[in-house]
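Heads up, the thing below is written out as structure tokens.
The values are calculated or read from the model by the stated rules, or taken from the named source; none is laboratory data. Here the structure is a predicted model, which is why all the values come from computation and not from measurement. Every residue, glycine as well, gets a Cβ built from its backbone with ideal geometry; the counts of neighbours run over all protein chains shown.
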Amino acid sequence: MTDLSNAIIFHQYDISPFSEKVRTAFAIKGLVWYAVNQPVIMPKPELLALTGGYRKIPVMQIGADIYCDSQIILRELERRFPTPSLHVGQDKGLSWGLGMWTDRTFFQTVIPIIFGYVGKHITAEFKQDREAMSGRPFDVAAMAAAAPLMADQLRAQIDWLEAQLGDGRPFLLGEKPGLADVNVYYNFAFVRWSHPGALDFLKAYPHVAQWEERIKELGHGERKELSREEALDIARYATPTTVLHTDEGEPNGLKTGDKVSVMADDYGRDPIRGELVSSSAQHIALKRTDPRVGEVVVHFPRAGFFVTKG
Ligand SMILES: N[C@@H](CCC(=O)N[C@@H](CS)C(=O)NCC(=O)O)C(=O)O
């Protein structure tokens, strides 16, 4: 049997836009990865056994190390597989900040455009699930009403991309695809899957239209499949590889061994509790134990997540 204790195991579903972000990075880095398909709505018992309560998709697993959120997944891919780098052209780090635009403002622009359009096909279960996750009504009529305003917002943001690509460069920061491209592209994929007509106006944005094709053609790297149970067994028999590290610069004086909670600052704010193993300005890792998978270390980004003691 193949030893998968160091394999990239990717908890995802195919129509997940944030998964598409990471799948494009797999392509850029030429990686082999194992897709574990997770449900689109709760319950997700196998995922929660690994994460300790984080329910969002995607999650990456390597052995007994579990990476929650696309931002920390990309950072870990860059750390483990540095070549080719996601930092291309003059980018040394600013493209992480670009993700705060694409994951929030840009993503929230396309949501009403998509769900306003496909609203009548949304099931009651999906609606209830997303309401529980966001703490807000999932009101497809309101989204449909907002869609024209958002079409305007979408064009404004795509116009920035056309300006960036206007000198004929193939990718956003030059000759090679990188972090900026993956951060932007998945929003295009998301619109294409459910409401491609919303991008008809790209006829007037030829550089963006060609860039979108170019990124799509990169594909997803080499995908293999794995079951949820197999992924849990791999975590159970593996040992976390994260090394203890106290960050002297921790703004609130957190140290290894402290009991802490981590939660997303936007939606899906379920707190994840554990013992601090390692932290830095961009990363926090907590040790936790679960009856099904034993000891695991769960990793989160710092930007976009709140960390509290206890
Ligand atoms: N900040 C997160 C956002 C992830 C996210 O919103 N994922 C969506 C799917 S693409 C999700 O989890 N929706 C709820 C669900 O699938 O249960 C990230 O970058 O990974």
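Matching residues to (1) under 29 Å from Thr83 (Cα atoms); (2) buried (at least 17 other Cβ atoms within 10 Å of the Cβ); (3) at pLDDT below 95:
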position: Phe171; (1), (2), (3): yes, yes, no
position: Pro206; (1), (2), (3): no, no, no
position: Trp211; (1), (2), (3): yes, yes, no
position: Thr246; (1), (2), (3): yes, no, yes
Margin query: Residue under question is Asp266, and the condition is that it be closer than 30 Å to Glu131 by Cβ and outside any strand (DSSP E or B); does it hold?
Written below: yes
Notebook entry, point to check: If only one of Ala35, Ala49 is of a type in the set (A, V, I, L, M), at pLDDT 95 or above and within 15 Å of the ligand (Cβ to nearest atom), which one is it?
Noted result: Ala35
Check: Before we move on, is Gly63 more than 11 Å from the ligand (Cβ to nearest atom), under 15 Å from Phe305 (Cβ atoms), in the same structural domain as Arg273 (by TED's automatic domain parsing) and surrounded by 19 or more Cβ atoms within 10 Å (Cβ to Cβ)?
Finding: no
Check: Can you tell me which of Asp152, Asp167, Asp129, Asp181 is surrounded by fewer than 14 Cβ atoms within 10 Å (Cβ to Cβ) and either within 16 Å of the ligand (Cβ to nearest atom) or part of a helix (DSSP H, G or I) (or both)?
Finding: Asp152
